[in-house]
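Asks: Once you've had a glance at the structure underneath, I'll fire off some questions.
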Amino acid sequence: MPSEEFVRGMLYLSLTVVGVPGNASIILAFLLLLYQENRLHPADVIVLHLACVNLLVVGVRCLLETVASFYLAGVFGDVGCKAVIFVYRTSRSLSIWLTFILSAYQCVSIAPPGSRWASVRTLVAQYLGFVFFFLWLFNTCMSSGAILYSLSTKNASSPTDHGINVEFCSLSFPSKLSKDAIGAIQVGRDVVPMALMTLASLIILVFLYKHSQQVKGLRSSSGSRGSGGAEQRAAKAVVALVTLYVILYGVDNGLWVYTLTVRKTMASSLISDLRIFFSSLYAAVSPMVIIASNRKVNGRLRCAVHEKPVQEQATSISTM
């Protein structure tokens, strides 16, 4: 096996090993919460949906890239390339938009009761299913170009100035105009939620800072002591998610712009491999941030881990 393919396979394997259990753990935690409490809050539903989409990103792209890199199965025929690239692009974009929806909902959730923003929060919670449906429909339509232009590399024609090499698959656009148009649409689709989510997160941070200053003033005037840990944890979680998002998808979109500007990108798949790695890295690493910062997820996972030894011990006692 060539060293290049071995390194590629190991990188995708590392994303699979981290991303699949992480997102599956979040899904399991919320399913346990739903079973125990028979309901989920809107923010919990958004996080659950985000984990499902991230699991789809890691499972469909990283796992299959690993399988193909180690020659375990030939999954990238013409139909396989169309399906994998379409599902990957749709789920990747959904991950971005759902992260924005989560930040926006948290932003309106800090509004005081009775305010206009509190009514917006109620409206969003009421029509959250329609929001999900619209996002799926919108991103599915935006990713339709993958079905038209993607082919297996072994079946692709000779390299052109308007093609993109993604190792096992290739995207062959009919003209430079179509390549630039689809590329610009994809960049815009990513940059818009990035800017909106950053704004929503900055509003949350400003509110948390003002709130901590008010609490600090009340404590100093009353002489009481306490901890602002909850506010600090929420601020750190928001900063971590936004920073992770901006860095990884910023690099991803920067590489995509480079791919669009160079004359020929069929000769090597290095740039495309880097793009897929950085965009999939968010889907693989973000569950760690959610597990560490979300008490509901953390608590349910701890209960699931602790209940298993107890059940095993009870079973052994009953069989004695």
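Asks: What accessible area, in Å² to the nearest ten, does a 1.4 Å probe give for residue 211?
Replies: Counting only protein heavy atoms, residue 211 exposes about 60 Å² to solvent.
Asks: Which order do 203, 276, 291 take by accessible area at a 1.4 Å probe, largest first?
Replies: 203, 291, 276
Asks: Using a Förster distance of 30 angstrom, determine the FRET efficiency expected from the C-beta separation of residue 140 and residue 70, and round it to 0.05.
Replies: 0.45
Asks: Among 147, 107, 52, pick out the residue whose Cα is farthest towards the positive end of the charge dipole of the stretch 48-182, where Lys and Arg carry +1 and Asp and Glu carry -1 on C-beta, about the Cα centre.
Replies: The residue sitting most towards the positive pole is 107.
Asks: Can you tell me the accessible area per residue over the stretch 1-119, all protein chains present, probe 1.4 angstrom, in square angstrom?
Replies: Accessible area per residue, the stretch 1-119: 43 Å².
Asks: Additional query: Give the share of C-alpha pairs in each 5 angstrom bin for the stretch 1-98, from 0 to the last occupied bin, in whole percents, shortest bins first.
Replies: Result, from short to long distances: 2, 13, 19, 20, 17, 12, 8, 5, 3, 1, 0 percent.
Asks: Determine the sum of side-chain charges near residue 142: Lys and Arg each +1, Asp and Glu each -1, restricted to other residues whose C-beta is under 15 angstrom from that of residue 142.
Replies: Charge balance near residue 142 sits at +2.
Asks: Also, quick follow-up: Might you work out the accessible area of residue 278 for me, using a 1.4 Å probe with all protein chains in place, and round it to the nearest 10 Å²?
Replies: Using a 1.4 Å probe on the heavy atoms, I get roughly 60 Å².
Asks: Solvent-accessible area of residue 52, probe 1.4 Å, all protein chains present, reported in Å² to the nearest ten, please.
Replies: Roughly 60 Å² of residue 52 is accessible to a 1.4 Å probe.
The values are calculated or read from the model by the stated rules, or taken from the named source; none is laboratory data. A quick note: this is a predicted structure, and the numbers were derived from the prediction, not measured. Quick reminder, even Gly has a Cβ in these numbers, built from the backbone with ideal geometry, and neighbours come from all protein chains shown. Surface accessibility is based on the protein's heavy atoms, side chains included, excluding ligands, DNA and RNA. Shrake-Rupley method; radii C 1.70, N 1.55, O 1.52, S 1.80 Å.
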